[in-house]
Amino acid sequence: MGLFDLGGKVAVITGSSRGIGRAIAEQLAAHGARVVISSRTRESCEPVVRGILDAGGEAIVVPCNVGRAEERDRLIDQTLETWGRIDTLVCNAAANPVYGSMRDVDDAAFDKIMSVNVRANMHLAHRVLPQMAERRDGSIIIVSSVVGLTGTRLIGTYAISKAADFQLARNLAVEWGHANIRANCIAPGLVRTDFARALWEDERQRARIERAIPLGRIGEVDDIAGVAVFLASDAGRYVSGQSVVADGGLVIRESI
Ligand SMILES: NC(=O)c1ccc[n+]([C@@H]2O[C@H](COP(=O)([O-])OP(=O)(O)OC[C@H]3O[C@@H](n4cnc5c(N)ncnc54)[C@H](OP(=O)(O)O)[C@@H]3O)[C@@H](O)[C@H]2O)c1
């Protein structure tokens, strides 16, 4: 595996019971990392752990609703108690968007989206960074979205939170680069998961979106997981503060 080898590393992936987070966890494990599977419920994580163990990997469950400070602390504390280190933190869990105009998003919904999608990521990063700095090695990966790169009338508040994640990664990269810690975002386009089901399940809607994508198809979870392996491993060791767009070319399509 060479530059992509994650043997000896420990990775924590939030929201890894299904979807993109699950694929990232499975691919990090397949490349040798010990992985922590996490989501709001233990039961939904257990099949993922079993699959990784059956494939010869190492994995544990630590449930964590990332919106709750005490559960974030437990996620980090239990990982450190079990394996003594965290080399890669993947902030993947996010709150579902409210569909429609930003005018209809009340303050409580706005605060929830920002607190789960941005503040929780920052707090988790701050919990893992000191031990990364001691070892002078670490990779923080935040799963953002291409919607944070363009205007949208459908999921505006969510898009604000995802744009903030780009800046969060840049700030962390600048603040912690001296300790050889990297921070980056992945910006997926439309990926076939439960989260985006409303956008891809309807055939006409999906066909419209696929016509706009140069590669001609929506994404699959492993299309995103490969980017995470790159960013977690030595292959990405000189990449920091960046946002890797994995969208089949959606945001760079011809404008006229
Ligand atoms: N799918 C897309 O088209 C797309 C595009 C761009 C970006 N993204 C981003 O990709 C990330 C993953 O999305 P996905 O499409 O894989 O979603 P998904 O299939 O719905 O999976 C979401 C995961 O997060 C967990 N989760 C939800 N709320 C949580 C919370 N408060 N705390 C901890 N875990 C929580 C869920 O498990 P439980 O229900 O068991 O808690 C599940 O494991 C998100 O950041 C999303 O914004 C997705």
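What follows is calculated from the coordinates using simple rules that are stated; it is not laboratory data. Given the structure is predicted, the values throughout are model-derived calculations rather than measurements. With ideal geometry, Cβ positions are generated from the backbone for all residues, glycine too; neighbour counts draw on all protein chains shown.
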(request) Calculate the spin-label point distance for I256 paired with A108, positioning each point 7 Å from the Cα along the beta-carbon direction, and give it in nanometres. (result) 4.8
(message) For a bin width of 10 Å, list the pair-distance distribution of segment 1-74 built from all Cα-Cα distances, rounded to whole %.
(response) 23, 52, 22, 3
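For the chain, report the convex hull volume of the alpha-carbon atoms normalised per residue, in Å³, without decimals. Can you show the working numbers first?
Numbers: hull volume 33.8 nm³, N = 256.
Given the Cα convex hull of the chain, per-residue volume reads 132 Å³.
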(message) Quick check: net charge around I140, other residues with Cβ under 13 Å of its Cβ, Lys/Arg +1 and Asp/Glu -1?
(response) -1
(message) Please compute one quarter of the surface area of the Cα convex hull for segment 9-126 and express it in square nanometres.
(response) 7.4
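Once the Cβ-Cβ distance between L3 and R204 is put in as r, and R0 is 45 Å, what FRET efficiency do you end up with, to the nearest 0.05? Please report the intermediate quantities before stating the final value.
Numbers: r = 43 Å, r/R0 = 0.95.
My answer for the efficiency is 0.60.
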(message) Could you tell me what a quarter of the Cα convex hull surface of segment 97-215 works out to, in nm² with one decimal place?
(response) 8.7
(message) Need the C-alpha centroid separation for segment 54-72 versus segment 200-229, integer Å.
(response) 28
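Restricting to the chain, compute how many DSSP beta bridges are antiparallel as a %, nearest 5.
0
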(request) Starting at the first residue of segment 42-54, write each ³J(HN,Hα) from the Karplus equation 6.51 cos²θ - 1.76 cosθ + 1.60 with θ = phi - 60°, in whole Hz, x for Gly and Pro. (result) 4, 4, 6, 8, 4, x, 5, 4, 4, x, 5, 4, 4
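Between E43 and E70, what length comes free when the chain is fully extended (0.36 nm per residue of separation minus the Cα-Cα distance, one decimal in nm)? Walk me through the numbers before you get to the answer.
Details: separation 27, 0.36 × 27 = 9.72 nm, distance 1.96 nm.
Computed gain between E43 and E70 is 7.8 nm.
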(request) Quick one: which residues, 5+ away or cross-chain, put their amide H under 5 Å from the amide H of L190? H built at 1.01 Å from N. (result) G219
